[in-house]
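Where a number appears in this text, it was derived from the coordinates with a stated rule and is not lab data. These figures come from a predicted structure and were not determined experimentally. Cβ placement follows ideal geometry from the backbone for every residue including glycine, while neighbour counts extend to all protein chains displayed.
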Amino acid sequence: MKRIFSFFLPFLLFLSFLSFPGRPAVGQVRSEQSLSLLEDRLSRMEGVTKVERIASNKFDEKYVVTVVQPLDHSKPEAGSFSQRFIVSHAGFDAPTVLVTEGYRGDYGLNPNYREEISERYGTNMVFVEHRFFSESTPKPRDWQYLTAENSAYDLHRIRTLMAQIYPGKWIATGISKGGQTTIIYRTFFPDDVDISVPYVAPVCFGVEDGRHEPFIRACGTPEDRIKIHSFQGEVLSRKTEILPILDSLSKVQGLTYKIPLEEVLDYMVLEYSFALWQWGTPTTLIPDTSAGTSELFRHLVQVAGPDYFAVSEEPSFFVQAAKELGYYGYDTKPFKKWLTIRSAKGYLHGIFLPDDAADVRFSSVLHKRIYKYLKHNDPRMICIYGQYDPWTAAGLDDKLFAGKSNMMKVVEPGGSHRARIGTLPPEQAEQVWSVLDKWLKE
């Protein structure tokens, strides 16, 4: 497949070199002076307090940049915090992929990391860690400033700053919550990027959305569903045997919970079917109900471990879910005779929210704004989903794509939360790459 660079690009780059001293041509061995050009320009950007060069096996240069951001972009007087982003350099004339990470950005530091669109088209990459995660957490932590709107403005400011260095086309992309962030960013700033590619991105309608449970009940074959249900029931029926094992594991791993251990096991079993389909665990790996208790427990932990329900030092995602991103519920009816809990309703608040966010209540403003924007507009956006990923239940509605010439929704057959362009069947992948080729050439 053709890349975005044409036969005439070397000539155009030569002209650009003449007008911008120190700008290297593609493929040219860079001098020490040109190697430091990017670092110098990054250091001079408004609000940047630190630029640190790090190793990369995928790019010519790679830097971790720290920039000062307002806690509240609508009220600069509220204070500020430091946000981390990573700049990976391919060329001043190349397009740029903006990775809208929804969580911490540590993996972006890996010398071998390169997002698949950036890999294919040889683009620059600007990777932005989400506010209130890892190195981008304000001190003290004040949840009122953790909003989707503020995160969109964070991206907008970084995009505006980086446009001084990378004036070419921009592609925003993210995975899961990062994909949500891609959609949110496009909603608030429709003209910031040329293309958006959110992967496996839900837009939930409530803290317990309600669409995930029936979706899971229809996943796979009848035989798959029977096997999953039988395993869950068998684990719960052996609760007396399993609880001591769970207790020992929790102590070894240093896990603490806001709920009794019996309830932790209940939620692990309820989570099991969601997690199995989310990550594409083959049902052939599910032990037979006649298997030993240790084998049953080991498999349960591999799919839906207790660490998920443990007290976290970084509960930011769950605060966002409770405030405006939404989440999913659990279907307890099939397991009532075994469960310790009477109901799973309100479990997000009871298990995951820290004490200083206990009074957070959900607002429907965000998802309504997203749907309103996408209903009345046709941005260049390709949404990738997996057929059996439970988050697809809350994926953007098919009606939003009807009659649109730009917006595309692509669902990987049998796919999970790992769905990417590279995991699609050849025909689907070719369709996506062809559209991206076309948009990047225009």
Between Arg217 and His376, what's the calculated FRET efficiency when r is the beta-carbon distance and R0 is 41 Å? Round to 0.05. 0.75
Quick calc: nm separation of the 7 Å Cα→Cβ label points for Lys333 and Met408 -> 4.0 nm
Qualifying aspartates and glutamates (Cα of each under 16 Å from Cα of Lys409; at least 8 residues distant if same chain): Asp378, Asp389, Asp397, Asp398, Glu427, Glu430
Heads up, the range 387-442 by the C-alpha gyration tensor (a ≥ b ≥ c square roots of eigenvalues; a/c under 1.5 rounded, else a/b over b/c prolate, else oblate) looks oblate
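Once you keep just the Cα pairs under 8 angstrom separated by 6 or more residues, what percentage relative contact order results for the chain? Show your work: numbers first, answer last.
Working: 763 pairs, mean separation 64.1, N = 442.
After rounding, I find 14 percent.
Give the relative contact order (percent, whole number) for the range 40-195; include only Cα pairs under 8 Å separated by 6+ residues.
Values: 315 pairs, mean separation 36.6, N = 156.
Reported as a whole number, the value is 23 percent.
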Under 21 Å between alpha carbons, and skipping anything fewer than 8 positions from Lys58 in its own chain: which lysines qualify? Lys2, Lys169
At Ala55 and Gln253, where each label point lies 7 Å from the Cα along Cα→Cβ, what is the point-to-point distance in nanometres? 3.1 nm
Scan (i) 23.6; (ii) 23.0; (iii) 25.8 for the value of Kirkwood radius over Cα pairs in Å calculated from this model and give just the label. (i)
Listed here are the pairs Lys177/Lys239; Lys258/Lys368; Lys404/Lys441; Lys404/Lys438; Lys368/Lys404; which of them are more than 23 Å apart at the Cα? Lys177/Lys239; Lys258/Lys368
Using amide H atoms built 1.01 Å from N in the peptide plane, name the residues 5+ places from Ile54, or on other chains, whose amide H lies under 5 Å from its own. Lys62, Tyr63, Val64
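Just the number, please: percent antiparallel of the DSSP beta bridges in the chain, rounded to the nearest 5. Provide the component values of the computation, followed by the final result.
Working: 20 of 41 bridges.
Antiparallel bridges: around 50 percent, rounded to the nearest 5.
Go ahead and estimate [θ] at 222 nm for the chain from helices alone: -39,500 (n - 2.57) per DSSP H run with n ≥ 4, summed, over the residue count, rounded to 500. Numbers along the way, then the final one.
Numbers: 14 runs with 161 residues, N = 442.
The per-residue figure over the chain is -11000 deg cm²/dmol.
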Among 85-95, 158-168, 283-293, how do they line up by average Cβ neighbours within 10 Å per residue, starting with the highest? 85-95, 158-168, 283-293
Note: Asp191 to Asp106 extended length (0.36 nm per residue) minus current alpha-carbon separation gives 27.8 nm
Within the range 211-227, find all residues whose amide N lies under 18 Å from a label point positioned 7 Å from the Cα of Thr284 along Cα-to-beta-carbon. 220-227
